[in-house]
Every structure is written in structure tokens, then in C-alpha cells.
1. Would you list TYR161, TYR135 from the most to the least accessible area, probe 1.4 Å?
2. Can you pull the one-decimal nm distance between simple spin-label points at ASN132 and SER86, each 7 Å off the Cα toward Cβ?
3. Would you kindly give the portion of the calculated P(r) for the stretch 109-231 that falls above 21 Å, as a percent of all Cα pairs?
4. Collect residues whose amide H, placed 1.01 Å from N in the peptide plane, falls under 5 Å from the amide H of TYR137; neighbours closer than 5 in sequence don't count.
5. Given the protein chains as shown and a 1.4 Å probe, how many square angstrom of LEU187 are accessible, to the nearest 10?
6. Here is the link list: LYS181/LYS215; LYS73/LYS160; LYS61/LYS162; LYS160/LYS215; LYS160/LYS197; LYS64/LYS155. Which ones come out longer than 23 Å on Cα distance?
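The values are calculated or read from the model by the stated rules, or taken from the named source; none is laboratory data. Everything numeric here is computed off the predicted structure, so don't read it as measured data. No Cβ is skipped: glycine too gets one built from the backbone with ideal geometry, and neighbour counts run over all protein chains shown. Please note that ligands, DNA and RNA were not included when accessible areas were found on the heavy atoms of the full protein model with its side chains. Shrake-Rupley method; radii C 1.70, N 1.55, O 1.52, S 1.80 Å.
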Amino acid sequence: MKKRNIVLAVFLSIIALLVLSRSFRSFFTDSFVFLKSFFVNPTSVGAVIPSSQFLASAITKYVKRTDAPIPIKVLEVGAGTGSMSSNIAEKLRDDDVLDIVELDPNFCKILENKFSSKDNININCLSILDWNPSYSYDFIVSGLPFNAFDSDFVKSILNKYKKLIKPGGIISYFEYIALAKIKLFFLKGDEKQQFSKTITTTTQFRNKFEFDNEKVFANMPPARVYHLRVE
């Protein structure tokens, strides 16, 4: 029964990706770039195809304006080819700001082409650790594959997020369901110990600030989205 459920979830994920992509041509073009970047540097990309619109909607659901007239500022880290960026962009007014920080130059080119007409969307091709704006953010949406990094690097990123988010601001990120347990099962020795430290680092941070999470099966692979409010 479990095997059947897994097969069904994968099948539904593929269908959802095809149906909800803005166009088949765009989806396959973006997927090709993802595959290329993944094989060149799998530890920084962490996925072989773009996130589905289901995942993009789930991770950006708290990105919204309040009744206050003050413009909001959003930071997206690890945007890939922009599936989540497009969702965020639809929520913004002209006076709001979306800063995208993406390390991969191939993804940066795609993002620049997609959002070249948007004056309030800024593409920054660098590491998040080197991003030092003069202001803080209401929302941070992270697409970084934490489970592909060592614990010290993850800790540096999470500390950076804490520094960049406003008090009461929301940090949202996702992990692929069950992949961490599968990876941990096959690792041995020092690699297993190091990966356990990475899991502990993200779990401790999440337990301190999490207020909501949800599973998204219509993605390849299925994922769980976490929402954290940092006071």
C-alpha cells in the first residue's frame, strides 16, 4: 500500500507540473537549465527540475500586504528559474520591493529576462552571505537546499536570515519529504555524522520559530513547506 501511494504521488506530481506550468515551452526550457546546473554543481542547486506552482503557492502564501500603506520588502534566496518569484511578483504593488539573490549565473540570466520590465524586482547574482542591504525584510522566501550543505554553512545562512528579517517577519522554506531520512540511511562514518549535524541545525532553528507547515505532494519530489515567524 505504501509503495502504491508513493507511485501515485509521483504520478500526480508530474501531471501537476505539466498542467500548471505557464507554458510547456517555458517549463522544458527551465528544466533543461536546472538539469545542466544540477550536474555542474548538485550541492548548490539541489533539484533537477523547477518547483511546481503548487509548491510556489504554498511557500508564498504568507507574502501579503497589510492594511498599512507602508510598502513591503521581500527577499527571495535561491530563486532558480523564478517559479516562486512569479508568485511573489503578482502580490506586489509598484512601491513594494522584491530582492532576488541567486548564485547560479545561468539562473540569473533567466531571471533577468523574466523580470526585466519590473523596476521593483532586483536580481542579484551572488551568495546570500555577501548580500548586505541597508534595510530589512518583511518576508524571506528561501529555496536553498539546506540538506545539501554542511551544518556550519547552514548555520551561517540561518543567522543571516535572522539578521535580515524584521521583528515579526516571516521566513518560509521547504524540504523534500523523506529524502533526508533516505540520505541518512545510506551515509556512513563522518559523512553520516556531518549530515546529522545539518539536520539538527535546521531542526533547532525551525522548532524555535515555526508556526505553520504543510505537505505539497504535487511537486517532484513532494515537499514540506515551513513558515517561521522571527520575533
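1. So, going from the largest accessible area down, we get TYR135, TYR161.
2. If labels sit at ASN132 and SER86, their model points lie 3.6 nm apart.
3. Beyond 21 Å sits 48 percent of the P(r) for the stretch 109-231.
4. For TYR137, the qualifying residues are ILE165, LYS166.
5. The accessible area comes out at roughly 30 Å².
6. As for pairs spanning more than 23 Å Cα to Cα, those are LYS160/LYS215; LYS64/LYS155.
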